[in-house]
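Read the structure below first, then the notes.
The values are calculated or read from the model by the stated rules, or taken from the named source; none is laboratory data. Treat the numbers as computed from the prediction; the structure is a model and nothing was measured. Neighbour counts run over all protein chains shown; Cβ positions are idealised from the backbone, glycine included. Quick note on the areas: whole protein, heavy atoms, side chains included, nothing else; ligands and nucleic acids left out. Shrake-Rupley method; radii C 1.70, N 1.55, O 1.52, S 1.80 Å.
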Amino acid sequence: MSLLLRDSLEIPGGNSPTAITELAAEDKHICITDHKATVRERVGDLLLDYQAGSFFQNNNSVLVPLTSYVRDAIFPSTAASASSTPPPTHLVDAYCGAGLFALTLAPNFAQVAGIELSADSIRFAMHNAELNGLAHKASFRAGDAAQIFDAVADFPPDRTALIVDPPRKGCDEAFIRQLLGFCAQTIVYVSCNVHTQARDVGQIISWSAEKVAEGKGKGKYVLESLRGFDLFPQTAHVESVAVLRLVS
């Protein structure tokens, strides 16, 4: 048995699954206890709805700094980057959930694609794209994240950024192998488990170097930065953000 207490903005008409399209004149906070009810979060200028019993980043006060940091990591300033690589125009959001990263970053890209195993989360991601006027550039599909690159075959890898935000168990080998085959210019790996993140980042770096040594890769990934965000205060846990770049 689990007890759910979730902070939410009140949705006009009620926070039921059938009343998630109206906008309130002002933010009024309520407590949601029904796992099937709809929670509404404000993140910067965006409103994001999701099912109360599903996953969503738990610390709203850190979400704007977190998403802003990811954006700035993908688009480093000229002074901070000696690379002449053109900025990315496309974004792939693996394990996208209700669309937090895909939609907060969508204004910076020509096209955004998100994938998520949960069909309910995809339904909310599509709804959130409509709610925030971003449906013209953001598409979402339900399915295994290991097959995400089949859906973005038309994305130019050298102009694509990839966000990976998996569950605590991390990524499986099939996903990492496909990631290396796609060769996105930038990877931002967000994780609530630094141990599985370290394992996966280590595999991405070492396996990409092996492909280059074998003459099969376009480049190898290097770890550019690693930073923690205190989404879980007064605990031993931290949200970790690793930024990797593809270099020739």
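Computed quantities for the displayed model
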item: Number of the exception - K137 against (1) more than 26 Å from G53 (Cβ to Cβ); (2) among the basic types (K, R); (3) open to solvent by 50 Å² or more (accessible area, probe 1.4 Å); result: (3)
item: Some residue of segment 66-76 being among the aromatic types (F, W, Y), out of contact with any strand residue (DSSP E or B) (no Cβ under 8 Å at 6 or more places or on another chain) and either open to solvent by 20 Å² or more (accessible area, probe 1.4 Å) or part of a helix (DSSP H, G or I) (or both); result: yes
item: Every pair of residues 6+ apart whose Cβ atoms lie under 8 Å, when the first sits in segment 35-53 and is on the phi > 0 side of the Ramachandran plot while the second is among the polar types (S, T, N, Q) and open to solvent by less than 50 Å² (accessible area, probe 1.4 Å); result: G44/T67; G44/T104
item: Subset of segment 1-52 [in a loop (DSSP other than H, G, I, E, B), modelled with pLDDT of 90 or more and among the small types (G, A, S)]; result: A37, G44, A52
item: Subset tally (residues that are assigned to a loop (DSSP other than H, G, I, E, B) and either more than 14 Å from the chain's Cα centre (by Cα) or within 21 Å of V70 (Cα to Cα) (or both)) for segment 117-155; result: 13
item: Filter result for the condition that a residue is closer than 16 Å to D7 by Cβ and not small (G, A, S), over L91, L63; result: L63
item: Segment 93-112 - residue that is modelled with pLDDT under 95 and of a type in the set (A, V, I, L, M) and, of those, nearest to D49 (Cα to Cα); result: A98
item: Count - residues of segment 116-131 that are of a type in the set (D, E, K, R) and within 12 Å of L46 (Cα to Cα); result: 1
